[in-house]
Amino acid sequence: MVTANSPSARHECGFIEVNGLFYLIGGRGIKHIDIYDNTTTAWQKGSEPPIEIHHFQAVNYGKDIYIMGAMTGKYPHETPLDRILIYKIEENSWVWGQSIPESRRRGSAGVVVKGDYAYVISGITDGHWSGHVPWLDKYNFKTGEWTVLEDAPRPRDHFHAAIKQGKIYCASGRNSSAKTNETFSLTIPEVDVYDINKNQWKTLPESSHIPTQRAGASSLIKNGYLMIIGGESSKQEMAHNEIEELDLSTGKWSTVGNLINGRHGTQAVIYDNKIYIVAGSGKRGGKPELSTLEVFSR
């Protein structure tokens, strides 16, 4: 998609829509927020975060954007954030939020919001090195209280979670292991689903395994389909361009399209029944960082 100008190239970043504006946040290094207005197709600069933030799934609650389950620092021993970081949209400013319990800190986790709660799923405690965890934690936005819930069936990092009708879907991702020289190869085929009301996990049958195993992909649910977009894997140097979707009613996957530029390490959003994705890396690992915006309709 041609825009009036371009955002800063970046990867391992978040991208989220709030009240019709799109916010491109974080990534390797300290980078200011880029804010996209779809009516003018122009980007403008927002403020810089107080520290480097990367490997997270940005979420919105109220008027603010929340960063939790994120990392800071350099490969391969990146450090999980010890507190929630909040971008105050109306003030264009950052504030530190509630402390994350020390024993539950990790990065590259999936995060979703339902009502007044955020759910933080899985992740890794020591960058890309080791410490894969299946944890599930619930955060109460109103009280600041954390609650430990039932572990997922397996750990995974470098993935995004998606939610529909009280069920959280976890697909794609890996167990990053630079310690054993398997940073990219330990991808996960299974799809795990958490029922919030029952506090219960289940794994979909083998017939519902993701067709193209990859990590660093974007994930969302649109019209009853779980969509996995882009990603990276040990099977190819170029970032994946596949857009695959799981029919939540039948458990069957299909390929519905391809990105113009394969990319990983960013986040996709739905707006006006279209899917928007920007930035990311065009090859496995960190380069080249992209600044292009793509729109996918189906």
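Key figures for this structure:
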{"read-out": "Cα-based reach from residue 235 at 13 Å (exclusive), listing aspartates and glutamates while leaving out same-chain residues under 8 positions away", "value": "182"}
{"read-out": "Spacing of the two label points (7 Å from each Cα toward its C-beta) at residue 235 and residue 95, in nm", "value": "4.6 nm"}
{"read-out": "Kirkwood Rh and Cα Rg combined as Rg/Rh, segment 166-212", "value": "1.09"}
{"read-out": "Separation between Cα centres of segment 17-52 and segment 154-232, rounded to whole Å", "value": "26 Å"}
{"read-out": "Dimensions (Å) - segment 193-298, Cα atoms, principal axes, largest first", "value": "42, 34, 25"}
{"read-out": "Cut-off 11 Å (backbone N to label point 7 Å along Cα→Cβ of residue 295), residues of segment 1-30", "value": "1-3"}
{"read-out": "Under 12 Å from the Cα of residue 63 - aspartates and glutamates, other chains or at least 8 residues apart", "value": "17, 90, 91"}
{"read-out": "Ratio of Rg to Rh over segment 1-108 (Cα coordinates, Kirkwood Rh, two decimals)", "value": "0.98"}
{"read-out": "Taking all pairs of distinct alpha-carbon atoms in the chain, Kirkwood radius in angstrom", "value": "18.7 Å"}
{"read-out": "Principal axis dimensions, largest first and in whole angstrom, of segment 116-268 by Cα", "value": "44, 39, 28"}
{"read-out": "Whole-number percent relative contact order across the chain, with pairs defined as alpha carbons under 8 Å at least 6 apart", "value": "13 percent"}
{"read-out": "Kirkwood Rh, angstrom, segment 229-270 [1 / mean 1/r, Cα pairs]", "value": "11.3 Å"}
{"read-out": "Computed magnitude of the charge dipole of the chain (debye, nearest 20; Cβ of K, R +1, Cβ of D, E -1)", "value": "200 debye"}
{"read-out": "Restraint check, 74/222; 88/138; 167/283, Cα-Cα greater than 26 Å", "value": "74/222; 167/283"}
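Since every read-out is calculated from the coordinates, none of them should be taken as a lab result. Fair warning: this is a prediction, and the values are worked out from it, not measured in the lab. Note: ideal-geometry Cβ built from the backbone for every residue, glycine included; neighbour counts use all protein chains shown.
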